[in-house]
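Accompanying notes for the structure given below.
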Amino acid sequence: MSVQQFTLPDLGEGLTEGDILKWMVAVGDTVAVNDTIAEVETVKAAVELPSPWAGVVTALHAAEGETVPVGSPIISIDTGGTSAPSTAPSAAPADLVPATPAAEAVPGIPGEGGLPPAEEKQMTLVGYGPREETAGRRRRRPGAHAAAGAHTAFNIPPATAGNPTPAPAEVEPAVDPGEAPGEAPAAPAHRVLAKPPVRKLAKTLGVDLTTLTPTGPHGTISRDDVQSAANGSAPAPVASRPGERETRIPIKGVRKHTAAAMVASAFTAPHVTEFVTCDVTAMIELRDRVAARREFRDVKVTPLLFVAKAVLLALRRTPELNATWDDAAGEIVLKHYVNLGIAAATDRGLIVPNVKDADRLSLRELADALVALTDTARSGKTPPADMAGGTFTITNVGVFGVDTGTPILNPGEAGILAFGAVRRMPWVVGSGPDERIEPRWVTQLGLSFDHRLVDGQQGSQFLADVAAVLTDPGLALL
């Protein structure tokens, strides 16, 4: 028997931990090289982790839902395949997990976007990356059931002979959120089974899984079951025990990463925010004409597409908005490419994937890229590489009916533009004797920039240029 331990690799740029969302294998399974063994969430993205070896799974060292530090062992694989795997519990107590050497390097597959520019940091591939010297990993607090939904079972069969077969790794029993911390869950009247994504959806929509009648395969609760229940009533707040005046939600996953990034940005870069209100009637009319053209009939043409194009044009005149402050080197780094970030609200939280080299794309190519980016984000499959290396961001707060905002910069970027709702409003047009009030399409733009490297004149010029192109799209020809 030749057992190899695979440690959690750095799945992004200097990440320190990840959450095991779902195991795709169980003890005793045979895997091939590059077979998906687990789904891990980190930096707001769900990443499928491939196996570095072929062999038989002998142990899983982390439970679904557990936060694991980078460099800690998560799975053991017998690469010889000559001995039967052990069914004994494989996870040592948290304070007894030994430090192991870094995992063997696994050949990486370049992303669809090709290699990044030389000035970008190369993304860490599976099997590589720094490891944190730590003795163990955090486990979920028993009292967190109310906030986190159903308890995640450790799907590794115990060593005791005659134990019943556990539920499959991808289907877990729901637990009543009213249980007291530390108590064993009371056996429900009927066993409720639901896959982790379904349980997450139920948590988001405020649906109690124990009240649903399962219609999925093998008696599992399906997404349709949850959505049907949610549509029947307003979403309920996070479950709490009767009499409780507070609910404590563990800070982890999406919220933890977002909080760290926002604090780092807010207390590092001196923010300045400016606003402008502009008549975008000509842009809306152009959008209608473009959408009717044959080459655009199979792609979604939205006002955001034209805002993105206006931003790309304005950045040519004020490249300081497409730059980075390198404090360690004492330099301002002007980027000669634009990786345009688009803030996207997803079930996992707010993420900001970016379109690589957006400044080199035609209008049709940019439209395709924006659709692909948002569809991938909503499906929860945005890879970390798509969220790295951004140089400027647009946040479309208008989709929520909001007029504008004071957006916080993404760390490492010098500017972010908030695009507000486009509304029909009275507007003064013409001049002199021809001056009159007409209903026009109007929006507000809010620009935040890093005042260390962007002066007020440069920020104002950029914002005015974006507004001018949206007011008169013909200026893009100049």
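Here are some residues: T406, T393, T374. Which one is hydroxyl-bearing (S, T, Y), out of contact with any Asp or Glu (no Cβ under 9 Å at 6 or more places or on another chain) and outside any helix (DSSP H, G or I)?
Answer to the check: T406.
Out of V263, V276, V290, which single residue is under 30 Å from G412 (Cβ atoms), out of contact with any Gly (no Cβ under 9 Å at 6 or more places or on another chain), at pLDDT 80 or above and not aromatic (F, W, Y)? Walk me through how you get there before you give the answer.
Values: V276 fails: out of contact with any Gly (no Cβ under 9 Å at 6 or more places or on another chain); V290 fails: under 30 Å from G412 (Cβ atoms).
Testing whether each residue is under 30 Å from G412 (Cβ atoms), out of contact with any Gly (no Cβ under 9 Å at 6 or more places or on another chain), at pLDDT 80 or above and not aromatic (F, W, Y) leaves just V263.
Quick one: in the range 19-57, of everything that is of a type outside the set (K, R) and at positive phi, which residue is most open to solvent (accessible area, probe 1.4 Å)?
Per the criteria, the residue is N34.
Would you tally the residues in the range 423-470 being in a helix (DSSP H, G or I) and open to solvent by 60 Å² or more (accessible area, probe 1.4 Å)?
First, the residues of the range 423-470 that are in a helix (DSSP H, G or I): 432-434, 456-470.
Okay, now just the ones that are also open to solvent by 60 Å² or more (accessible area, probe 1.4 Å), so 433-434, 457.
Residues flagged as in a helix (DSSP H, G or I) and open to solvent by 60 Å² or more (accessible area, probe 1.4 Å) within the range 423-470 amount to 3.
Can you confirm whether A308 is open to solvent by 80 Å² or more (accessible area, probe 1.4 Å) and either more than 26 Å from the chain's Cα centre (by Cα) or within 26 Å of W441 (Cβ to Cβ) (or both)?
When the stated conditions are applied, A308 does not pass them.
Only residues that are within 30 Å of T324 (Cα to Cα) and among the charged types (D, E, K, R): list them for the range 430-478, please.
Listed by number, the residues that qualify are D450, R452, D455, D465.
The conditions are (1) under 30 Å from the mean Cα position of the chain (by Cα); (2) in contact (Cβ under 8 Å) with a residue 60 or more places away in the chain, and R440 fails exactly one of them. Which is it?
Single failed check for R440: (1).
Out of P411, P433, P426, report the one residue that is over 26 Å from R287 (Cα atoms) and either modelled with pLDDT of 95 or more or touching a Ser or Thr at 6+ places or on another chain (Cβ under 6 Å) (or both). Write out each step before concluding.
Values: P433 fails: either modelled with pLDDT of 95 or more or touching a Ser or Thr at 6+ places or on another chain (Cβ under 6 Å) (or both); P426 fails: over 26 Å from R287 (Cα atoms).
Testing whether each residue is over 26 Å from R287 (Cα atoms) and either modelled with pLDDT of 95 or more or touching a Ser or Thr at 6+ places or on another chain (Cβ under 6 Å) (or both) leaves just P411.
Restricted to the range 292-302, and to residues that are of a type outside the set (A, V, I, L, M) and either closer than 22 Å to S460 by Cα or out of contact with any helix residue (DSSP H, G or I) (no Cβ under 7 Å at 6 or more places or on another chain) (or both), which residue is most open to solvent (accessible area, probe 1.4 Å)?
Selected residue: R294.
Among the residues of the range 407-430, count how many are among the hydrophobic types (A, V, I, L, M, F, W, C), in contact with a Lys or Arg (Cβ under 9 Å, 6 or more places away or on another chain) and over 15 Å from T471 (Cβ atoms). Talk me through it step by step, then tell me what you get.
Filtering the range 407-430 down to residues among the hydrophobic types (A, V, I, L, M, F, W, C) leaves 408-409, 414, 416-419, 421-422, 425, 427-429.
Pick out the ones that are also in contact with a Lys or Arg (Cβ under 9 Å, 6 or more places away or on another chain) and you get 414, 425, 427-429.
Those still in the list that are over 15 Å from T471 (Cβ atoms) too: 414.
So the answer is 1.
Please determine whether any residue of the range 326-337 is open to solvent by less than 30 Å² (accessible area, probe 1.4 Å) and not hydroxyl-bearing (S, T, Y).
No: zero hits.
Any residue at all in the range 1-22 that's at pLDDT below 90, over 22 Å from the mean Cα position of the chain (by Cα) and farther than 29 Å from N410 by Cβ?
yes
Can you tell me which residue in the range 209-221 is modelled with the lowest pLDDT, limited to those that are surrounded by fewer than 17 Cβ atoms within 10 Å (Cβ to Cβ) and not β-branched (V, I, T)?
Among those that are surrounded by fewer than 17 Cβ atoms within 10 Å (Cβ to Cβ) and not β-branched (V, I, T), it is H218.
Residue under question is V47, and the condition is that it be among the β-branched types (V, I, T) and at pLDDT below 90; does it hold?
yes
Listed residues G349, G341; which is in contact (Cβ under 8 Å) with a residue 24 or more places away in the chain and open to solvent by 10 Å² or more (accessible area, probe 1.4 Å)?
G349
Return yes or no: is I416 surrounded by 20 or more Cβ atoms within 10 Å (Cβ to Cβ) and under 17 Å from the mean Cα position of the chain (by Cα)?
So I416 fails the test.
The values are calculated or read from the model by the stated rules, or taken from the named source; none is laboratory data. Note that the structure is a prediction, hence the values are computed from the model and not measured. Because the Cβ atoms are built from the backbone with ideal geometry, glycine has one as well, and the counts that use them run over all protein chains shown. Keep in mind that these areas ignore ligands, DNA and RNA; they rest on the heavy atoms of the full protein, side chains included. Shrake-Rupley method; radii C 1.70, N 1.55, O 1.52, S 1.80 Å.
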